[in-house]
Amino acid sequence: MEKINKLWSAKMGFFLLALILFWMKTYVIYISEFSLGVSNALQHFLLFINPLSSGLILLGFALFFKGKRFGITLLVIDTLLTLFMYANIIFYRDFGNFITIQTLMQTDNAGTIGKSFFSLAKWHDFLYLLDLVVLGVLFTKWKANWSPARLSLRKPFAVLASGVIVFTVNLGLAEMDRPQLLQRVFDNNYIVKYLGAPNFAVFNTMQTVKASAKRSMASSEDITDVENYTNKKYAEPNAEFFGKAKGKNIIKIHLESFQSFLIDFKLHGEEVTPFLNSLVHDESKNFTYFDNFFHQTGQGKTADAEFLLDNSLYGLPQGAAFVTKGTNTYQSLPAIMDQKQDYTSAVFHGDEKSFWNRNQVYKYLGVDKFYDASYYDMSEDKVINYGLKDKPFFKQSMPILQELDKKEGPFYAHMMTLTHHYPFILDEGDETIESAETGDGTVDRYFQTARYLDESLKQFFEDLKEQGLYEDSVIMIYGDHYGISENHNRAMSEIMGEEITPLKNANLQRVPFMIRVPGVDGQGINHEFTGQADVMPTMLHLLGIDAKNFIQFGTDMFSKEHKAFVPFRNGDFMTKEYSYVKGKFYDASGEVIEEPTEEMKERKDQVHYELSLNDEVLNGDLLRFYEPYENWEPVDPNDYRYGKASEEENGNHNDKQEGADETEKNEDKNADVVKEPMEKKTEDTAVEKQKENE
Ligand code: GP9
Ligand code: MN
């Protein structure tokens with residue numbers, strides 16, 4: 001006993017005790033305070049182990065100090081760590097996210113937290129101080145035993161080195177479970193889950209410093225080149241369409257992972273998507289369907305698609321602009337529509353609000369309302385894979401749409417589906433078409449979830465008609481990105497009946513785009529070559545707002561001057577006559593062009609130039625130097641606040657959120673209850689999902 005006492009009361013013993021207490025406390029905080037979506041044994045192990053490396057490195061620093069100064073330093077570091085964790089706890093209770101430099105710099109956040117601190121603090125929070133009290137008492141008892149000399153330097157260095165080793169192993173295992181974790185940064189929650197809150201803070205700081213260096217080097221002159229380029233590319237509106245959507249409700253439907261080859265595709269002699277096909281082939285031509293419309297997304301997948309459609313800017317070559325450029329200045333479609341025509345914009349999505357940093361970036365895009373998972377009934381039978389199934393999603397969105405319709409001014413609703421997402425799983429009973437039989441499960445199931453999505457759309461259209469929301473609304477449908485990656489070329493060649501060459505694969509990047517504008521005859525099938533960046537200028541012109549004033553890389557799809565070449569994020573591009581894919585030019589029949597013409601080479605250079613200008617805009621945050629027109633009001637992120645839970649806990653901070661309360665009261669939902677089933681189902685597929693993202 002005596003011996004044990006002596007060991008603990010020695011400097012190394014005291015350090016070890018502090019380390020273990022910090023470790024356990026942090027783990028308890030992870031489990032009880034944050035919803036990190038832990039879904040498999042490895043993730044749980046990493047969550048448990050990840051405080052160790054930061055503990056070893058940060059607390060270990062105290063071992064360099066002599067005598068009782070060692071103890072004081074240790075206690076100070078431990079107290080700072082506790083404050084850091086506690087600040088995150090309070091912030092998370094309010095915003096459902098971790099503190100980042102960007103959010104701290106958003107002055108209103110700090111202010112709001114300050115004001116609501118007492119409503120956010122809970123009685124049991126004092127427990128988080130207990131270990132410090134214990135250590136403080138032991139310090140006063142034990143410090144007399146400590147020699148005034150410094151420990152042999154070997155010891156602190158060994159502790160720091162073991163911290164680094166533990167971190168390296170930790171990171172390696174995390175990357176195994178979620179490849180490209182740090183490159184793609186899906187969700188701050190993920191980084192905390194895998195690497196811990198202190199490591200997240202370090203990572204975020206490094207990222208911010210890197211980004212702010214690029215940003216601070218940019219100046220107002222840099223926007224001139226961009227402006228000259230986009231001005232030159234601009235396409236005049238087509239008088240037949242200009243202003244035809246003005247004042248009308250707009251319902252924009254996001255088809256998850258839906259590629260155009262599904263349209264009219266028959267499996268076992270059966271149409272896979274009969275409803276969408278019926279819109280394409282409608283005799284009365286309600287819709288115009290662009291069959292040469294391409295997605296232009298990169299690693300940011302869904303986030304890039306959203307970004308492209310509402311900003312006419314591409315994502316970045318790496319990562320998701322939604323995450324890494326989430327606090328830039330934007331002149332986004334929702335903000336313009338609000339300022340010019342008093343539209344209320346709303347995003348509907350049955351997933352956690354923090355995924356792809358949506359609950360932050362939407363504030364910078366001027367999205368008025370964000371109906372995330374916390375607004376929906378997410379009981380187990382309604383959830384699969386990433387979140388709410390599409391049928392209950394559309395059903396439950398109806399009352400919210402009706403409520404929005406009652407507000408003054410039209411609405412711009414963005415409905416984001418989710419079920420047709422890799423790995424394309426359905427509950428039994430939701431399958432209404434046999435799977436394909438290539439032996440590649442992903443490809444085989446792809447048709448079944450596509451059918452489910454198609455059925456959910458049919459139901460949604462019926463409900464819209466029944467509620468009187470169909471007739472006078474603009475309906476726009478788009479696919480976000482591919483669902484079947486190149487990893488499945490073998491099975492896809494069986495499906496398509498031909499080899500999937502790089503060119504064929506590029507051709508498969510077509511996703512649907514269709515639009516119906518009340519009072520305007522649809523064109524049936526339009527073969528113009530178009531892409532996601534073209535949607536925003538098209539929308540502006542339909543609304544009667546000239547796109548000329550804005551920095552946009554796309555051009556109006558209905559314009560007679562539409563620029564019909566479609567850049568991909570990797571520098572490849574498509575035109576009607578030829579395409580450029582993975583370093584080679586191809587003619588329309590698919591033959592390699594050995595000697596491309598000057599015009600082709602120039603087009604290729606133009607595409608690369610356009611993408612580089614785009615990256616300058618994002619990295620330099622150049623839109624902060626640009627005023628699209630006199631009296632433009634830059635978007636103030638502090639005007640927006642999302643999440644049902646935070647509304648309920650803290651009252652409604654956002655005057656733009658009023659009005660939906662009625663609907664919300666009708667729905668008996670609770671954000672915390674919601675998380676359980678969704679996370680469980682996400683678990684098994686999360687790993688696969690990232691592998692899929694190649
Ligand atoms: C997540 C959903 C899917 O909320 O939008 O994103 P993805 O994996 O397709 O980028
Ligand atoms: Mn997607």
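Computed values, structure above
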read-out	value
Any chance G326 is within 16 Å of ligand 2 (Cβ to nearest atom), more than 24 Å from P399 (Cα to Cα) and not in a helix (DSSP H, G or I)	no
The range 623-653, residues that are among the hydroxyl-bearing types (S, T, Y), at pLDDT 65 or above and within 18 Å of D372 (Cα to Cα)	Y640, Y642
Tally, over the range 483-503, of residues that are buried (at least 20 other Cβ atoms within 10 Å of the Cβ) and within 16 Å of ligand 2 (Cβ to nearest atom)	2
Where a residue in the range 416-434 is assigned to a loop (DSSP other than H, G, I, E, B) and its partner, wherever it lies, is within 10 Å of ligand 1 (Cβ to nearest atom) and among the acidic types (D, E), with Cβ under 9 Å and at least six apart	T417/E256; L418/E256; L418/D351; T419/E256; H420/E256; H421/E256; Y422/E692; P423/E692
Members of the range 381-418 found to be hydrophobic (A, V, I, L, M, F, W, C), closer than 20 Å to Y478 by Cβ and within 16 Å of ligand 2 (Cβ to nearest atom), listed by number	L388, F393, M415, M416, L418
Residues located in the range 32-87, provided they are at positive phi and either part of a helix (DSSP H, G or I) or surrounded by 22 or more Cβ atoms within 10 Å (Cβ to Cβ) (or both)	G67
Among the residues listed as S589, S559, the single one being surrounded by fewer than 18 Cβ atoms within 10 Å (Cβ to Cβ) and either under 29 Å from the mean Cα position of the chain (by Cα) or part of a loop (DSSP other than H, G, I, E, B) (or both)	S589
Flag for E462 being out of contact with any His (no Cβ under 8 Å at 6 or more places or on another chain), away from ligand 2 (no atom under 16 Å from the Cβ) and in a loop (DSSP other than H, G, I, E, B)	no
Positions within the range 334-387 being charged (D, E, K, R) and not in a loop (DSSP other than H, G, I, E, B), in sequence order	D338, K340, R358, K363, K369, E380, D381, K382
Top-ranked residue in the range 245-278 [being assigned to a helix (DSSP H, G or I) and touching a residue at least 40 places away in the same chain (Cβ under 8 Å); ranked as nearest to the chain's Cα centre (by Cα)]	S260
Search result, residues across the range 345-380 that are at pLDDT 95 or above and more than 14 Å from ligand 1 (Cβ to nearest atom)	S345, A346, K363, Y364, L365, G366, V367, D368, K369, Y375, D377, S379
Qualifying residue in the range 461-468 (condition: away from ligand 1 (no atom under 16 Å from the Cβ), among the aromatic types (F, W, Y) and in contact (Cβ under 8 Å) with a residue 60 or more places away in the chain)	yes
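The values are calculated or read from the model by the stated rules, or taken from the named source; none is laboratory data. The model shown is predicted, which means the values in this text are computed figures rather than measured ones. Neighbour counts are summed over all protein chains in view; Cβ atoms, including those assigned to glycine, are modelled from backbone coordinates with ideal geometry.
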